Amino acid sequence: MSSRPLFQRQYPLPAGFDGAPVQLPLTNVFHMPGQAAAVRFFDPDSDDDLYAMREILGGKQSRRWLDDATSLSRTEYREWAGTATPFSYLFAVLDARLTDPEEMRQIRGFVWIYSEREEKIRFSRLQRIGVIPPSTRQRYLLEVSFAVRPSTDGVQLGSGLMSSALRLSCLQVQMLLQTHPDEPEVEILAFTNPENLPSQRTLEAAGFVKKTTVKYSWDSPEDTFFYMLSWQLLNQKVRQKLLEVYQAND
């Protein structure tokens, strides 16, 4: 996956807002002006990336909210980070607000957008019971998970980092799948525990809309909140941040 190129996208802006894009002192990352985050693929051959992922999965919040948060072997990590299919995208989250390139390189979390066997079964069940409308016939139906790395260097994530990373990751998947920006033919779904308020705030700030309450699996003992990405909302949020940057520099 790390060998796949990252795509860049230019958003149309009103006349007069044609300032130069913000250039980060890093290569092979995806960033847009006004966004707190930058994202890149996890490198399957990087010990630093493996260590960062282990810290994320071992964090208190990950163990509480992610069902599959567990110890990760080197082999498992390389298979996960090295997967290169249209149904698995593992992004590392960087803080683009930092000025020191070395600090900016530090992984602050992950966003994983995927559809494996269990997800396909779940999507079919949700379509049968009417949670996902029968009219939804997108080429790609994907699920998203994300988690924050526990802070060890005193650097706080601050407001908006993970929601920004989630926006950029969704856009990057849409571009990698080479679908039309206005009709991306991609549905991205999310499930979150009703008690996980930070996750809900992150999803809604990224452009996801809560649809209903549903069991994650047919035998789940508790209900979860079900969200779907609104591409219209996501694009509005990205354009608004761009305008704020250009207006501030005008």
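Relative contact order of the stretch 37-249, please, whole-number percent, based on alpha carbon pairs below 8 angstrom and at least 6 residues apart.
The value is 18 percent.
Over the stretch 37-249, how many pairs of lysines fall under 20 Å by alpha carbon, counting only those 8 or more apart in sequence or from different chains? Let's see the in-between values first.
Details: 120/211; 120/215; 210/237; 211/237.
Close lysine pairs found across the stretch 37-249: 4.
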Under the Karplus relation with 6.51, -1.76 and 1.60 and θ = phi - 60°, whole-Hz ³J(HN,Hα) for the stretch 217-234, x at Gly and Pro, equal 10, 4, 9, 5, x, 10, 7, 10, 7, 10, 10, 10, 6, 9, 4, 4, 5, 4
Distance in nm between residue 220 and residue 74 label points, each 7 Å along Cα→Cβ, equals 3.6 nm
Counting only residues 5 or more apart in sequence or on a different chain, those whose built amide H sits under 5 Å from that of residue 230 are 208, 209
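Can you tell me the FRET efficiency between residue 177 and residue 121 if r is taken as the Cβ-Cβ distance and R0 is 22 Å, rounded to the nearest 0.05? The partial results should precede the final answer.
Working: r = 22 Å, r/R0 = 0.99.
Step by step, r from the Cβ atoms, then E = 0.50.
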Applied in sequence order to the stretch 96-108, the curve 6.51 cos²θ - 1.76 cosθ + 1.60 (Karplus, θ = phi - 60°) yields integer Hz couplings, x standing for Gly and Pro, of 6, 7, 6, 9, 7, x, 5, 5, 5, 6, 5, 6, 9
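Charges only on Cβ, +1 for Lys and Arg, -1 for Asp and Glu: so what's the dipole of the stretch 37-249 about the Cα centre, in debye to the nearest 20? Intermediate values should be presented prior to the final figure.
Values: 26 positive and 29 negative charges, 135 e Å.
It comes to approximately 660 debye.
Any read-out appearing in this document is the output of simple, stated calculations on the displayed coordinates, not a laboratory observation. Fair warning: this is a prediction, and the values are worked out from it, not measured in the lab. Glycine gets a Cβ as well: all are built from the backbone with ideal geometry, and neighbour counts include every protein chain shown.
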